[in-house]
1. Note down all Cβ pairs under 9 Å where the first residue falls in the stretch 63-86 and is surrounded by fewer than 10 Cβ atoms within 10 Å (Cβ to Cβ), the second is at pLDDT 95 or above and part of a helix (DSSP H, G or I), and they're at least six residues apart or on different chains.
2. Filter the stretch 13-40 down to residues that are out of contact with any Leu (no Cβ under 9 Å at 6 or more places or on another chain), modelled with pLDDT of 65 or more and either loosely packed, with under 15 Cβ neighbours inside 10 Å or not in a helix (DSSP H, G or I) (or both), then give me how many there are.
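The values are calculated or read from the model by the stated rules, or taken from the named source; none is laboratory data. Being a predicted model, the structure only gives us computed values, none of them experimental. For neighbour counting, all protein chains shown are included, and Cβ atoms are generated from backbone atoms with ideal geometry for every residue, glycine included.
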Amino acid sequence: MVPTMLKRVVMCAALAVWMLGLSGCVKQSDFDAKVLEAKNQAEKVVQLQKDFDAAKSEVEKLGQAQKDAEAKIKTLEQESTDLKDQVKKVAQLQKDLDAAKGEAEKSRQAQKDADAKIKTLEQENADLKDQVTKAAQLQKDLDAAKAEVEKSGQAQKDADAKIKALEQENADLRKQIPKLTAPKK
């Protein structure tokens, strides 16, 4: 782009100098001054074109940097949103964890209570087994005593029957005594 612009400026300056030279109405010193001025103008134009191109390049770079910055901002905003969501999830997870810890503590306490109850029931069961064993022994002793009582009762009945039989025999004998002691006729 610079060479094209430079060519145009040089051509314009040459055309102006040529026209001045053709007219013949310009002094050589004025002509040389105009040529020098045209060269200076051409150099300024070239420098301005360079400066313009550099500024344009800088503007393009700044535009790209702005686009990059906007993309970065958008990315950071998305990351911020994601982080906020993650913070909410972490907070919920912490609540869930705390609740689970509470439930676990309740469960541990319930287990301790159940263990204590089981221990109490095992002791009561052992005591009950001892009582059942004692009751079985007492039942055996009672059965043996009943058998003894029955034997005694039977012996008593037998004795009573013997007594009754003896009393009956005694009574029969008493009845016979008067008959035996009465004179015989």
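1. none
2. 9
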